[in-house]
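Chemist: Take a look at the following structure, please.
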């Protein structure tokens, strides 16, 4: 038992020089401005490369109703296209963050661009001329009467 205790004691003391190296590395990567760079890299890898949003589709006697939950974007960032009997809902979100600190001597500028898209296969072609779309409280609602197929971009009303 004493020999086993000594092995543990040796391995613990053998790791002592590495403890200092590891602490130095932690301090290095935690210091500004490098911390901002590391946060940006972490943020990049934690974000999903394929962003998606839930879409529901149901049919009434005269129309299709499609709803999509897209919170946190402006209606100008949402694009609707009809091609044949497919509805494409795409969202483009772009933001820029700039941070300056003259006291600590760093400058950080971050640009973020995200694009999400869903293609909804419709059970039949619809008439895009009569399609109505609204976007309120993060919910996009599209009402599409039954009709003939054509390619067109749909405007979103308030």
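Chemist: If you go through the range 128-158, how many residues are modelled with pLDDT of 85 or more and either assigned to a loop (DSSP other than H, G, I, E, B) or over 24 Å from residue 77 (Cβ atoms) (or both)? Spell out how you get there, then give the answer.
Modeler: Within the range 128-158, the first condition is being modelled with pLDDT of 85 or more, and the residues that meet it are 131-143, 156-157.
Among the residues that remain, those that are also either assigned to a loop (DSSP other than H, G, I, E, B) or over 24 Å from residue 77 (Cβ atoms) (or both) are: 131, 137-138, 156.
Residues in the range 128-158 being modelled with pLDDT of 85 or more and either assigned to a loop (DSSP other than H, G, I, E, B) or over 24 Å from residue 77 (Cβ atoms) (or both): 4 in total.
Chemist: For residues that are at pLDDT 85 or above and part of a loop (DSSP other than H, G, I, E, B), tally how many sit in the range 73-87.
Modeler: Residues meeting the conditions: 2.
Chemist: Can you tell me which residue in the range 103-127 is nearest to the chain's Cα centre (by Cα), limited to those that are within 21 Å of residue 146 (Cα to Cα) and in a loop (DSSP other than H, G, I, E, B)? Give the derivation first.
Modeler: Kept after step one, since they are within 21 Å of residue 146 (Cα to Cα), are these residues of the range 103-127: 118-127.
Filter once more, keeping what is in a loop (DSSP other than H, G, I, E, B): 122-125, 127.
Working: 122: 26, 123: 29, 124: 31, 125: 30, 127: 31 Å.
It comes out as 122.
Chemist: Also, I was wondering about something else. Can you tell me how many residues in the range 56-82 are surrounded by fewer than 10 Cβ atoms within 10 Å (Cβ to Cβ) and in contact (Cβ under 8 Å) with a residue 60 or more places away in the chain?
Modeler: 3
Chemist: Being closer than 14 Å to residue 117 by Cβ and touching a residue at least 60 places away in the same chain (Cβ under 8 Å) is the filter here; which residues of the range 83-97 pass it? Please lay out each step first, then the result.
Modeler: We begin by selecting, within the range 83-97, every residue closer than 14 Å to residue 117 by Cβ; these are 83, 86-93.
Result: 83, single match.
The values are calculated or read from the model by the stated rules, or taken from the named source; none is laboratory data. Computed from a predicted model, the values in this text were never measured in an experiment. Here Cβ is always computed from backbone atoms with ideal geometry, including for glycine, and neighbour counts include all displayed protein chains.
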